[in-house]
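Accompanying notes for the structure given below.
The values are calculated or read from the model by the stated rules, or taken from the named source; none is laboratory data. Source: prediction; values computed, not measured. Each accessible area value is taken on the protein alone, full model and side chains, heavy atoms only, with ligands, DNA and RNA left out. Shrake-Rupley method; radii C 1.70, N 1.55, O 1.52, S 1.80 Å.
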Amino acid sequence: MADKMATRAAYGKALVEMGAENPNLVVMDADLSKSTMTAEFSKTYPDRFFNMGIAEQNLYGTAAGLALSGKVVCASTFAMFAAGRAFEIIRNSIGYTGANVKICATHAGITVGEDGASHQTFEDLALMRTIPGMTVVNPSDGVSARMLLKQAVGFEGPCYVRLGRAAVPVFYDETAEIKLGKGNVLRPGRDVTVIATGIMVAEAMEAASQLAEEGVDVRVIDMHTIKPLDVDLVVEAAKETGKIVTAEEHSVIGGLGSAVAEVLCTKQPAKMIMVGQQDTYGESGKPDELKEKYGMTADAIVAAVREIY
């Protein structure tokens with residue numbers, strides 16, 4: 001895990017690549033193209049880029065109209081404004097109609113940092129996974145972000161893609177097999193399974209390395225697709241290790257932890273602990289300090305594994 005890249009940066013690069021491959025691709029933004037990294041697409045394909053201004057409901061309503069007219073649309077703004085401010089439009093105009101819109105929301109979670117509680121969304125995965133037919137994706141690094149984005153654009157229907165502000169370690173290479181709806185076992189283990197998503201995958205890998213020194217063999221799963229969840233992989237991990245820790249840069253209410261718990265309580269009971277935002281707002285501060293304060297670090301995962309093991 002030497003190099004670092006923000007998943008939003010991978011998104012910006014992937015858009016330009018996909019724009020060359022797919023003349024039907026349209027990109028939209030809510031006056032944040034430099035931050036969401038859609039700016040390069042706007043320069044390369046100006047006739048297929050629309051800046052809708054600071055009007056998120058209008059952004060997603062128009063995106064739905066373009067998609068229902070035959071376009072495939074990637075529409076971006078910060079996750080707080082996409083999942084929060086525009087939820088009703090996404091639910092009714094995109095979800096209900098099955099419009100081919102990819103809601104590519106950046107700056108999610110505590111690592112928005114100095115922008116503070118008003119911009120740190122911990123509810124977006126929960127909100128999006130409740131919408132019938134909505135695919136929900138949370139890539140862990142730049143390589144997986146690029147691959148999953150291309151797959152999202154390649155299928156017909158609505159998709160929510162969660163992207164981060166901060167640079168994170170890149171641990172996949174271009175030969176990796178990464179598929180929507182299928183989690184990836186990054187590290188085998190027999191004692192405890194850590195199922196992580198987004199930036200917490202890197203923290204999970206670090207935690208597993210620390211725990212190995214204590215003789216605890218930790219399996220690490222990158223659950224990049226929250227919906228549809230890889231139920232078979234969760235059941236297999238529960239059967240083989242009997243203990244599950246989930247880790248997400250999101251509320252423990254309604255996100256990855258809840259999705260995994262739904263599987264365990266109906267298909268394969270197992271001990272479980274959730275690492276994530278514990279039903280609180282965040283605050284302004286440096287991302288690493290906020291992750292430490294709110295318990296979204298490798299150390300927090302280590303502590304959870306020790307508690308459950």
Q.
Quick query: amide H of residue 226 versus all other amide H atoms, modeled in the peptide plane; which residues come in under 5 Å with a sequence gap of 5 or more or a different chain?
A. 136, 137, 138
Q.
How much accessible area per residue does the chain have, counting only protein heavy atoms and a probe of 1.4 Å, in square angstrom?
A. 39
Q: Assign one of three labels to region 4-169, namely rounded, prolate or oblate, based on the Cα gyration tensor with a ≥ b ≥ c the square roots of its eigenvalues; rounded applies when a/c is under 1.5, prolate when it is not and a/b is larger than b/c, and oblate otherwise.
A: rounded
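Quote the relative contact order of the chain in percent (integer), defining contacts as alpha-carbon pairs under 8 Å separated by 6+ residues.
Values: 712 pairs, mean separation 54.5, N = 309.
Result for the chain is 18 percent.
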Q. Any idea what angle helix 231-241 forms with the longest principal axis of the chain, computed on alpha-carbon atoms, 0 to 90 degrees, nearest 10?
A. 20
Q.
At 1.4 Å probe size, with the rest of the protein present, what percent of the exposed accessible area of region 4-169 is carbon and sulfur atoms?
A. 54
Q) Which entries of 239/293; 4/150; 4/239 show an alpha-carbon separation above 27 angstrom in the structure shown? A) 239/293; 4/239
Q | Sequence-distant aspartates and glutamates (8 or more away, or on other chains) whose Cα lies within less than 20 Å of residue 243 | A | 191, 203, 206, 213, 214, 217, 222, 230, 232, 262, 299, 307
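To the nearest 500 deg cm²/dmol, what mean residue ellipticity at 222 nm is calculated for the chain from DSSP H runs of n ≥ 4 alone, each contributing -39,500 (n - 2.57), summed and divided by the residues? Spell out each step's value before the answer.
Numbers: 11 runs with 110 residues, N = 309.
Computed ellipticity for the chain at 222 nm equals -10500 deg cm²/dmol.
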Q.
Which order do you get for 174, 236, 249 if you rank them by accessible area with a 1.4 Å probe, largest at the top?
A. 174, 236, 249
Q | Beta bridges per DSSP with both ends in the chain, % antiparallel, nearest 5 | A | 20
Q. Shape call for the chain from the C-alpha gyration tensor, a ≥ b ≥ c root eigenvalues: rounded (a/c under 1.5), prolate (a/b greater than b/c) or oblate?
A. prolate
Q: On a 0 to 90° scale, report how tilted helix 298-308 is relative to the longest principal axis of the chain, with both axes built from alpha carbons and the result rounded to the nearest 10.
A: 50
**Q.** For region 25-86 versus region 200-233, the gap between their alpha-carbon centres in whole angstrom
**A.** 33
